[in-house]
Structure formats: C-alpha cells, structure tokens
Amino acid sequence: MNDFQNLTISNSFMFAAVMEDTENCRGLLEMVLEFPIARIEVSTEKSIIHHPQYHGVRLDVYAKGDDSARYNVEMQVRNKDNLPKRSRYYHSQIDMDIIAKGTDYKELPDTYVIFICDFDPFGFGKYKYTFDMICTETGEMLDDGARTIFLSTKGTNGSEVSEGLRKFLGYVAADIAASTEDFDDDYVRSLQKSVSRIKSDREMGERYMLLKELLSDERAEGIARGRAISIIELLSELGEVSTELSDVIMAEKAPEKLLAYLKAAAKAESVDMFRKETGL
C-alpha cells in the first residue's frame, strides 16, 4: 500500500476520488469558470473507482449542473501531444450520450472540458488557456455552447488569474512532502482533508491496487497487439496471409512467442517458410 500512501492529487485516481465530493468538484468548477454554480451532480457511472471490471479505463470526472450543463475534468501529468483531439473526443462523447437519451440536438446543453496539466501544453507561460469556436474571418463567436480549458501548473502570468487558482495549481504541482504544507487557502485545505480521508480508507487502497493491475494488463495487451500486427505486415510483404494464420497470430498473447514469431517473420523468405519455422 506504500504506493497508495504516496499519491498526491496529481494522480488521476486520487483526483477522481477527491472530486467525487460534490463540494470539492463544485469549488473547482467555480474557480476555473469564474461563475457561480448552484448545484452539481458528480457521475460515477464509468469510474474505475466504482466499477473495477470496466475496461478502457477513464479516470476523468464527469458532472452535471442544475442548469443541465455538463462538465468533464481530467488530470494530465504527461504531455502526450494529443490533448486537442482528446478534448474534441470528449465533447463529442458528451453530445452523443445526451442525444442517445432522446434529447434533440437543438436542446444540447453547454459543455465544458477541462484539463489540469502539470506542464505547459502550449508553451506561452499561461496558467489558463480557454478555447471557444471563433470565426476566422470576423472574430465572431460561434456560440455553440462548447468550451475547452487547459490549466497549467507552469504558468507565469500570476496577475491574470485568481490567487485561488494559483494556489490550487501550486498544490497540484507539489510533491508528496510539499503537498501536506499549508497553502493558506481554504479550498486547498479541503482537498488536503479529502486526500487524507481517502488514504485512510482500506477499500480505496484496494481499488487503487486493482487499477494498477488493470492498467498493467491493458498495457501488455496493447504491446502484444502491436507485435502481432507487425508480424502480419511483414508476412504480407512475402505473400498472402490466410485468415486462419492471421487469427492465430492475433490471438497469441505470450510475449516470448510473439517475439519469436517476429524474428521468424523478419528472416523468412516466404509465408510457407515462416509457418515451417514456427510450426503454425
């Protein structure tokens, strides 16, 4: 459980667990969006925290406001250069989920997708980057109700954002030792109390360990699939690969076997030679 005890709020699991508290989540949204929100409902429907059997792990926070607005918040500690497309995906998923329940597209609510980044996603030294759809020719807002916000712990423009936001982002950036210090901010103190409470919950610790195992399994499956595809691509350059052979290769999960197949495919001069070498 040492891993679990050393988590800070920048860990996606811990962040999602802390934000299940509606006051924590509402406080964050009001601070970031700069308008009051009377009430929110935090959804746990697809959270790994409550559904450990759920594959395709997502640890973002999804909430609904009393005005029907939807909020999606995600913690990001590594820059994978995919956040713009990821934000587009989240907006589309929110819209499709609402439409699937019978809502006409004309009645789609406002949606806010927020990324909290422990890096500067655009390199301009801003604590906050806000994106709306704007006409290239006139500068007019499209007013489609979709807004994307990227927060950065690496901001340098302190005078342009609230003190509360700066202290929150400082808390996000803090390591395990610094994260327990007093940030002289009531909201951060509330988050610190939530983190302490979660760490003392044995069941939450078990769920975190289960998440680690699930992520490890998914990573291994992804590597296996990538190797299998590479093998089939190599064989395709040598001749026709039967569906039967392709299915056998794609079904193989053992790393050592896939590595042997990959080496055999690289050396083979024909598909038949590969099959003879591997016994497939």
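The values are calculated or read from the model by the stated rules, or taken from the named source; none is laboratory data. What you see is a predicted model, and the numbers here were worked out from it, not measured in a lab. All Cβ positions, even for glycine, are placed from backbone atoms using ideal geometry, and neighbour counts span all protein chains on display.
Of note:
- Scanning the range 142-184 for residues that are touching a Gly at 6+ places or on another chain (Cβ under 8 Å), over 24 Å from Asn6 (Cβ atoms) and hydrophobic (A, V, I, L, M, F, W, C) gives a single hit, Val161.
- Scanning the range 121-170 for residues that are farther than 23 Å from Thr111 by Cα and of a type in the set (D, E, K, R) yields Glu137, Lys154, Glu160, Glu163, Arg166, Lys167.
- Residues that are surrounded by 11 or more Cβ atoms within 10 Å (Cβ to Cβ) and of a type outside the set (A, V, I, L, M) were ranked within the range 254-266; the one that is nearest to Thr243 (Cα to Cα) is Tyr261.
Residues are listed down the side, and each one gets a yes or a no for (1) hydroxyl-bearing (Ser, Thr, Tyr); (2) touching a strand residue (DSSP E or B) at 6+ places or on another chain (Cβ under 8 Å); (3) surrounded by fewer than 11 Cβ atoms within 10 Å (Cβ to Cβ):
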residue	(1), (2), (3)
Phe122	no, yes, no
Glu140	no, yes, yes
Asp143	no, no, yes
Phe150	no, yes, no
Thr153	yes, yes, no
Glu163	no, no, yes
Val172	no, yes, no
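- For beta carbons closer than 7 Å, sequence separation of 6+ or different chains, a first residue in the range 102-121 that is not assigned by TED's automatic domain parsing to the domain that holds Phe150 and a second that is outside any loop (DSSP other than H, G, I, E, B) and surrounded by fewer than 18 Cβ atoms within 10 Å (Cβ to Cβ), there are no qualifying pairs.
- 1 or more residues of a type in the set (A, V, I, L, M) and at pLDDT 90 or above: qualifying helices (runs of 4 or more DSSP H) within the range 1-83: 12-18, 22-33
- Subset of the range 70-96 (residues that are among the small types (Gly, Ala, Ser) and exposed (fewer than 15 other Cβ atoms within 10 Å of the Cβ)): Ser92
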